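Have a look at the structure below, then the notes.
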Amino acid sequence: MTQRRMGDFRVGTGYDIHRLEKGLPLRLCGVTVESDFGAVGHSDADAALHALCDAILGALSLGDIGTLFPDDDPQYKDMDSRQLLEEVVRRMEEAGFLVENADVTIVLEQPKLRQYVEAMRTEVAKILQVDEESVGVKAKTKEGLGPEGRGEAVSCQAVVLLRNRGYMQSWGSLGGLRDMFY
Ligand code: MG
């Protein structure tokens, strides 16, 4: 595959929102959260992993999760979103990139997610193939405002920084010299 010249670093953002309904499972960052309300969706409705997928795809200008995994395609029904993110990571590697770090914000009124955050970081780090130190997960409420605040929805934002596999940090100070190598 011919690699497009995309520079050493690429940044991408992702956003997702899912409706909440009583009696459904709630999955966030690949972790099941104990809650009376769960997210409505075609897959397992993990808004955090969906936002991460879009952040990586966006960083590489590879489209979005809806194009890659259409929500009217029966093969993605109730699918574990970790598998979707794994496929996105595979495409990122194919493009010659790896994750430098990722940062996720989850907006959910309740329950409090503090006790789940470490498990979420572990899960995301495993899929992105980075150390846990390279994954940030923050949880916020909306102080009762808007759909999340009323408990009608969970939304997530994600930012990723990707690094070209050919980039070596020590070459940074050598200026244009590194461009001779790739
Ligand atoms: Mg989604």
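The values are calculated or read from the model by the stated rules, or taken from the named source; none is laboratory data. Please read all numbers here as calculations on a predicted model, not as lab measurements. Backbone-built Cβ (ideal geometry, glycine too); neighbour counts: all protein chains shown.
If we only count strands (runs of 3 or more DSSP E) wholly inside the stretch 1-120, which ones have 3 or more residues that are more than 17 Å from the chain's Cα centre (by Cα)? If you could, list the steps in order and put the result at the bottom.
Working: elements: 9-22, 26-28, 31-33, 37-39, 97-107.
Where strands (runs of 3 or more DSSP E) fall fully within the stretch 1-120 and carry at least 3 residues being more than 17 Å from the chain's Cα centre (by Cα), they are 9-22.
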- Query: Looking at (1) in contact (Cβ under 8 Å) with a residue 24 or more places away in the chain; (2) closer than 30 Å to Val40 by Cβ, which is the one condition that is false for Gly146?
  - Reply: (1)
- Message: Ala45 - would you say it is in contact with a Cys (Cβ under 7 Å, 6 or more places away or on another chain), surrounded by 20 or more Cβ atoms within 10 Å (Cβ to Cβ) and at pLDDT 95 or above?
- Response: no
- Message: Looking at the stretch 35-56, I want the residues that are hydroxyl-bearing (Ser, Thr, Tyr) and more than 9 Å from the ligand (Cβ to nearest atom) and have a partner that is at pLDDT 95 or above and not in a strand (DSSP E or B) with Cβ atoms under 6 Å, at least 6 apart or on another chain. Which pairs are those?
- Response: Ser35/Pro111
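In this structure, is Leu113 away from the ligand (no atom under 14 Å from the Cβ), under 17 Å from Glu148 (Cα atoms) and either of a type outside the set (Lys, Arg) or touching a Lys or Arg at 6+ places or on another chain (Cβ under 9 Å) (or both)? Explain how you work it out, then say what you get.
Numbers: away from the ligand (no atom under 14 Å from the Cβ): yes; under 17 Å from Glu148 (Cα atoms): yes; either of a type outside the set (Lys, Arg) or touching a Lys or Arg at 6+ places or on another chain (Cβ under 9 Å) (or both): yes.
Yes, satisfied.
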- Confirm whether Asp54 is among the charged types (D, E, K, R), crowded, with 22+ Cβ neighbours inside 10 Å and in contact with a Cys (Cβ under 6 Å, 6 or more places away or on another chain). no
- Item | Count - residues of the stretch 13-70 that are acidic (Asp, Glu) and under 15 Å from Val159 (Cβ atoms) | 2
- Note on the structure: Counting only residues that are away from the ligand (no atom under 11 Å from the Cβ) and farther than 16 Å from Ala39 by Cα, the stretch 60-83 contains a total of 12
- Message: Report every pair of residues separated by at least 6 positions or lying on different chains whose Cβ atoms are under 7 Å apart, first residue within the stretch 85-101 and under 13 Å from Gly58 (Cβ atoms), second surrounded by 18 or more Cβ atoms within 10 Å (Cβ to Cβ) and polar (S, T, N, Q).
- Response: Phe97/Asn164
- From Asp8, Asp36, Asp16, which residue is at negative phi, crowded, with 22+ Cβ neighbours inside 10 Å and of a type in the set (Asp, Glu)? Asp16
